Amino acid sequence: MEENNLQCSSVVDGNFEEVPRETAIQFKPPLYRQRYQFVKNLVDQHEPKKVADLGCGDTSLLRLLKVNPCIELLVGVDINEDKLRWRGDSLAPFMGDFLKPRDLNLTITLYHGSVVERDSRLLGFDLITCIELIEHLDSGDLARFPEVVFGYLSPSMIVISTPNSEFNPLFPSVTLRDSDHKFEWTRMEFQTWALYVANRYDYSVEFTGVGEPPAGAENVGYCTQIGIFHKNGGKATEACVSEQHDQHVYKAVFTTSYPSLQQERFFKLVLVNEVSQQVESLRVSHLPRRKEQDGERGDKPKDTGGSKAPVPCFGPVFTEVEKAKIENSPKPFCVGNKFFVPLQRLLAYPRLNRLCANEEMMRSVIADSIPLSSDGSAVVADLCNYFDEQFEF
């Protein structure tokens with residue numbers, strides 16, 4: 001239930017049509033972006049695998065979080081089904097996600113439903129966010145909210161943000177910041193509620209916020225107040241989660257999965273491409289040495305009338321440790337016009353070493369896509385090809 005990023009009914013985040021601009025407070029970055037960045041920073045710090053955003057609205061926060069490599073399951077819940085359907089496609093993978101797959105699987109699902117309903121598919125999460133949500137709940141839903149989120153779902157961490165009403169006098173003619181807000185709390189009211197909930201459901205809580213007040217008004221605190229709740233004793237055990245009966249009350253309106261290196265077909269595509277590129281780089285760098293050796297033997301290279309081969313200007317930068325590992329690995333060699341690159345040499349390069357744990361793994365994946373030596377210990381390529389003949393090395 002986060003405000004629309006255009007903030008059509010709010011004077012807080014950037015739309016001041018009903019307020020003279022010279023008297024309105026403007027935040028840089030806009031306040032909604034500060035809230036989202038606050039959550040992203042927490043995700044970067046704690047690296048949760050399963051994250052849910054309750055009241056996800058136009059899914060802006062989900063789109064920001066989906067790039068985090070640690071997240072494997074990302075869920076959004078909102079009462080507005082039309083908005084979820086409209087924004088769902090913006091969460092789907094793009095072409096670039098297939099060209100460069102993630103390390104870990106990622107599934108994103110949007111559910112239509114109320115945040116005060118219990119759905120067992122949200123059990124066992126590492127982080128649940130409620131950004132500008134609670135002020136949209138009426139008194140009955142607000143009473144049920146802690147029972148569901150803290151008591152039933154009981155994630156490892158919960159982040160709740162809500163307007164700080166003490167800041168409101170700094171805005172011209174503002175009682176409530178949004179027409180749908182049922183209330184807005186002072187810092188004392190929010191902290192009293194948060195401490196009671198934390199104590200009842202065995203959480204600890206710390207308070208902060210975003211949207212600093214202007215000079216001279218520091219006493220009002222942040223424009224948006226934030227509570228960060230941590231489950232005492234860590235996350236719920238798998239046993240506790242499994243004891244819950246399945247309750248699927250939410251309606252799934254969108255789901256998508258991202259390509260990753262955990263999926264065999266994408267892992268193979270990436271590994272074959274990386275091996276091919278590294279072999280080609282080694283082959284090209286070996287050609288000048290081969291020409292010099294031919295010259296020493298009196299074998300004059302054929303003049304093709306081509307231009308001098310361009311010298312690569314860019315390439316990977318290795319640390320001293322990585323350089324030493326590469327130099328100490330088996331070197332490429334030639335037999336006739338065939339160029340051999342030992343798999344152990346390839347595994348010495350950081351990018352390939354990150355993909356493959358050992359030689360046997362590399363061999364089994366690339367064997368049906370890249371030519372190998374008779375004993376399977378090296379990749380085999382033609383030392384010279386048509387394109388080489390266009391250049392003089």
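The values are calculated or read from the model by the stated rules, or taken from the named source; none is laboratory data. Because the structure is a prediction, the values reported are computed rather than measured. Every residue, glycine as well, gets a Cβ built from its backbone with ideal geometry; the counts of neighbours run over all protein chains shown. In case anyone asks, the SASA skips ligands and DNA or RNA and just uses the protein heavy atoms, side chains included. Shrake-Rupley method; radii C 1.70, N 1.55, O 1.52, S 1.80 Å.
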Self-check item: Neighbourhood charge, 10 Å Cβ-Cβ cut-off, centred on residue 246 and excluding it, Lys, Arg +1 and Asp, Glu -1
Solution: 0
Quiz item: Kirkwood hydrodynamic radius of region 57-169 from all distinct Cα pairs, in Å?
Solution: 15.7 Å
Practice problem: Quick one: accessible surface of residue 349, probe radius 1.4 Å, all protein chains present, in square angstrom to the nearest 10. | Solution: 20 Å²
Practice problem: Please go through the residue pairs 40/231; 28/50; 49/182; 182/231; 66/251; 49/100 and name each one whose alpha carbons sit more than 24 Å apart in this structure. | Solution: 28/50; 49/182; 182/231
Quiz item: Whole-Hz Karplus ³J(HN,Hα) for region 123-139, in order, using 6.51 cos²θ - 1.76 cosθ + 1.60 and θ = phi - 60°, x for Gly and Pro?
Solution: 6, x, 7, 7, 9, 10, 10, 10, 9, 6, 10, 4, 5, 8, 8, 6, 4
Quiz item: Which whole-percent values make up P(r) of region 312-386 when all C-alpha to C-alpha distances are grouped in 10 Å steps starting at zero?
Solution: 18, 45, 33, 4
Practice problem: Whole number please: convex hull volume per residue, Cα atoms of region 123-209, in Å³. | Solution: 94 Å³
Quiz item: Ignoring ligands, DNA and RNA, what percent of the accessible area of region 29-74 is carbon or sulfur (1.4 Å)?
Solution: 50 percent
